[in-house]
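A short write-up of the structure that comes next.
The values are calculated or read from the model by the stated rules, or taken from the named source; none is laboratory data. Note that the coordinates shown come from a computational prediction; the quantities given were computed from them, not determined experimentally. When we count neighbours, we look across all protein chains shown, and the Cβ atoms used for this are built from the backbone with ideal geometry, even at glycine.
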Amino acid sequence: MTATTPKDPQFRRLLEIDTEVEGVKAAFETAIAEVTAHPEIDGSAEKRLTEVGRRLSALKPQLEAADLSFEQKATLYAAMVDITNAMNAAPEDLDRFEAALIGIERVRHVIRDALDEFVGGASADRRRLLEEIERSLPGVKQAELAELLDVDPRTVRRWSSEAGKAEHRLQLVAHLVAILRHAWTPKGIVGWFQRPRRDLDGGRPIDLLAQPASERDLLTAARSSRNHYAT
Amino acid sequence: MAEIAFKHARGVVYRATTYDTCLWVSPNSRPGRWNDPQAGAICQYCTLDVASALAEMVRSENLREVEDARELSISVWELRVDEGAVVDYSTPVSAQSQGFEWGALVSDNWAPCQAEAGKLVAEGARGVLAPSAALPQGVTLTLFGPRTEIAWSVEPSLSIQIPARHILRGAPGDGLVRDTRFFDQAYPDVTPRSAQSLFNLDLNVERRVS
């Protein structure tokens, strides 16, 4: 569920990694099911874990080259360490299967999040970002878009045809729209920016776009509309 | 200190999310009733009925107008849980008999519930049943710790695996939006439904801790 074209090389690379990690997870789950159902043939468990480790190790160069944030890379490395530790744990340590599965799933979630929020990569220029926003917001008036970007509608039109370094606000709006498109209609995305939020101390997202200190809170608020919590 | 009874909870619960997976293995990044991100805990928020899952979304997104709520497009997942060590705070009687104030369970201030979650986890609890603050008479099941989903028809091999499937996608109904309790609104004077009436909760207490 993404507006980004799969032709983008960075996006395609992430998709390939995602497919491989899904495969690793499926192979591991199958192995665990066999091992727990037939403990008498338990000799295969170590081989299976070694195979998982080999497949994940083979992914390392791709993961390092992937377009991920510092935070995502940190999570990824921590998960890889956990998987390695699980694979090297004593055979009688029954928690090692759970630890390995959790590690694999953490890797998968990092890649999934990067795919879900992909908006052209770190090098995307203003024309590319605007293209992504407009693709996610069909039917939304240029005046509404201009308000989100805090520019004149004529500037939006100019950006549509001119390559150039993307302004910070444009990058942030593109990122937020990339998150919000998973849970809202185009009209709903525009409405989200206008509604006061408890998690933003009663502020409206649109009023906080110009405040660099609020960027992280805005991204967290946008992600919160993707899943329910007990409130 | 009152005794806490651990029960076994088995049945179907629901979760609203648009991620391709409905369960977490990493600490929650934002606060919820039973988690404080500073504590680095993992909570899996579920409800015992579909309406409560959607009402929690409506409340947290502050969708007071039905026109706004119609623009939300959210997926609902069904999960087949079979969990031991679940604490039941779903009614005033069950909460207070175990030493926890009913009012804190529906208060806009989450701090007492977050602190209680820390204590319950330290005692070995794997989940807590509680009223939904968003939908009076709705019930939530919050699972503590990481979980991963497996196909609906597959039996779990590990205790962290839960069979799950995506069942629907759409917007909350207008009636549900009107029934949702928003922040700063008082919890109505209604008789809470016991989790037992919605869920296959084993009557036999597994063990007690005090």
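Residue-level check: of (1) under 17 Å from the mean Cα position of the chain (by Cα); (2) within 14 Å of chain B (Cβ to nearest Cβ), A:L94 misses just (1). For beta carbons closer than 6 Å, sequence separation of 6+ or different chains, a first residue in segment A:160-177 that is in contact (Cβ under 8 Å) with a residue 12 or more places away in the chain and a second that is small (G, A, S), the qualifying pairs are A:L176/A:A222; A:V177/A:S136. Looking across segment B:3-24 at every residue that is in a strand (DSSP E or B) and within 14 Å of chain A (Cβ to nearest Cβ), the one that is farthest from A:N227 (Cα to Cα) is identified as B:V13.
Looking only at residues in segment A:178-189 that are within 9 Å of chain B (Cβ to nearest Cβ) and in a helix (DSSP H, G or I), which one is nearest to A:S214 (Cα to Cα)? Before the answer, list the steps.
Restricting attention to segment A:178-189, the residues satisfying the condition of being within 9 Å of chain B (Cβ to nearest Cβ) are A:182-189.
Of the ones still in play, those that are also in a helix (DSSP H, G or I) are A:186-189.
Details: A:P186: 23, A:K187: 23, A:G188: 21, A:I189: 19 Å.
Among them, the one singled out is A:I189.
When the test is whether a residue is modelled with pLDDT under 90 and facing chain B (nearest Cβ under 10 Å), A:I32 passes it.
Taken over segment B:31-73, the criterion of being more than 10 Å from the chain's Cα centre (by Cα) and within 7 Å of chain A (Cβ to nearest Cβ) is satisfied by B:G32, B:M57, B:R59, B:S60, B:E61, B:N62, B:D68, B:E71, B:L72, B:S73.
Which count do you get for residues in segment B:140-162 that are in a strand (DSSP E or B) and either at pLDDT below 95 or acidic (D, E) (or both)? Spell out how you get there, then give the answer.
Here is the first cut: in segment B:140-162, the residues in a strand (DSSP E or B) are B:140-144, B:148-150, B:161-162.
Now narrow it down to the ones that are either at pLDDT below 95 or acidic (D, E) (or both): B:149.
Residues in segment B:140-162 being in a strand (DSSP E or B) and either at pLDDT below 95 or acidic (D, E) (or both): 1 in total.
Quick one: would you say B:A130 is in contact with a Ser or Thr (Cβ under 9 Å, 6 or more places away or on another chain), at pLDDT 95 or above, of a type outside the set (V, I, T) and outside any strand (DSSP E or B)? Step through it out loud before you land on a result.
On the way: in contact with a Ser or Thr (Cβ under 9 Å, 6 or more places away or on another chain): yes; at pLDDT 95 or above: yes; of a type outside the set (V, I, T): yes; outside any strand (DSSP E or B): no.
When the stated conditions are applied, B:A130 does not pass them.
The combined condition, being away from chain A (no Cβ under 11 Å), closer than 18 Å to B:F6 by Cβ, within 18 Å of the chain's Cα centre (by Cα) and in contact (Cβ under 8 Å) with a residue 40 or more places away in the chain, is fulfilled by B:A195.
Going through B:G127, B:G138, B:G118, B:G145 one at a time, which residue ends up being under 18 Å from A:Y229 (Cα atoms) and away from chain A (no Cβ under 13 Å)?
On the way: B:G127 fails: away from chain A (no Cβ under 13 Å); B:G138 fails: away from chain A (no Cβ under 13 Å); B:G145 fails: away from chain A (no Cβ under 13 Å).
Unique residue meeting the criteria: B:G118.
Among the residues of segment B:91-119, those that are closer than 15 Å to B:S194 by Cβ and assigned to a helix (DSSP H, G or I) comprise B:P92, B:V93, B:S94, B:A95, B:Q96, B:S97, B:W102, B:L105.
What about A:V119, is it touching a His at 6+ places or on another chain (Cβ under 8 Å) and either away from every other protein chain (no Cβ under 14 Å) or assigned to a helix (DSSP H, G or I) (or both)?
On the way: touching a His at 6+ places or on another chain (Cβ under 8 Å): yes; either away from every other protein chain (no Cβ under 14 Å) or assigned to a helix (DSSP H, G or I) (or both): yes.
Against the criterion (touching a His at 6+ places or on another chain (Cβ under 8 Å) and either away from every other protein chain (no Cβ under 14 Å) or assigned to a helix (DSSP H, G or I) (or both)), A:V119 qualifies.
Within segment A:198-231, being over 16 Å from B:S29 (Cβ atoms) and in contact (Cβ under 8 Å) with a residue 24 or more places away in the chain holds for A:P205, A:I206, A:L209, A:A210, A:P212. Kindly evaluate A:L148 against the criterion of being among the aliphatic types (A, V, I, L, M), under 21 Å from the mean Cα position of the chain (by Cα) and crowded, with 22+ Cβ neighbours inside 10 Å. No; evaluated as a whole, the condition is false for this residue. Among the residues of segment B:148-160, those that are more than 7 Å from chain A (Cβ to nearest Cβ) and touching a residue at least 24 places away in the same chain (Cβ under 8 Å) comprise B:E149, B:W152, B:P156. The listed residues are A:R169, A:R158, and the only one of them that is in a helix (DSSP H, G or I), out of contact with any helix residue (DSSP H, G or I) (no Cβ under 9 Å at 6 or more places or on another chain) and assigned by TED's automatic domain parsing to the domain that holds A:L130 turns out to be A:R158.
Would a scan of segment B:105-118 turn up a residue that is out of contact with any Asp or Glu (no Cβ under 8 Å at 6 or more places or on another chain), modelled with pLDDT under 95 and among the small types (G, A, S)? There is no residue in segment B:105-118 that is out of contact with any Asp or Glu (no Cβ under 8 Å at 6 or more places or on another chain), modelled with pLDDT under 95 and among the small types (G, A, S). Screening B:A164, B:A125, B:A130 for residues that are buried (at least 20 other Cβ atoms within 10 Å of the Cβ), more than 22 Å from B:V76 (Cβ to Cβ) and in contact (Cβ under 8 Å) with a residue 12 or more places away in the chain leaves exactly one candidate, B:A125.
Against the criterion of being part of a strand (DSSP E or B) and not charged (D, E, K, R), B:V58 does not qualify.
Given the options A:E64, A:E131, name the one that is more than 30 Å from A:A33 (Cα to Cα), part of a helix (DSSP H, G or I) and either outside the structural domain of A:I32 (by TED's automatic domain parsing) or of a type outside the set (D, E, K, R) (or both).
Numbers: A:E64 fails: either outside the structural domain of A:I32 (by TED's automatic domain parsing) or of a type outside the set (D, E, K, R) (or both).
The conditions single out A:E131.
Please count how many residues of segment A:194-215 are within 12 Å of chain B (Cβ to nearest Cβ), closer than 23 Å to A:E144 by Cα and part of a helix (DSSP H, G or I). Here the count works out to 3.
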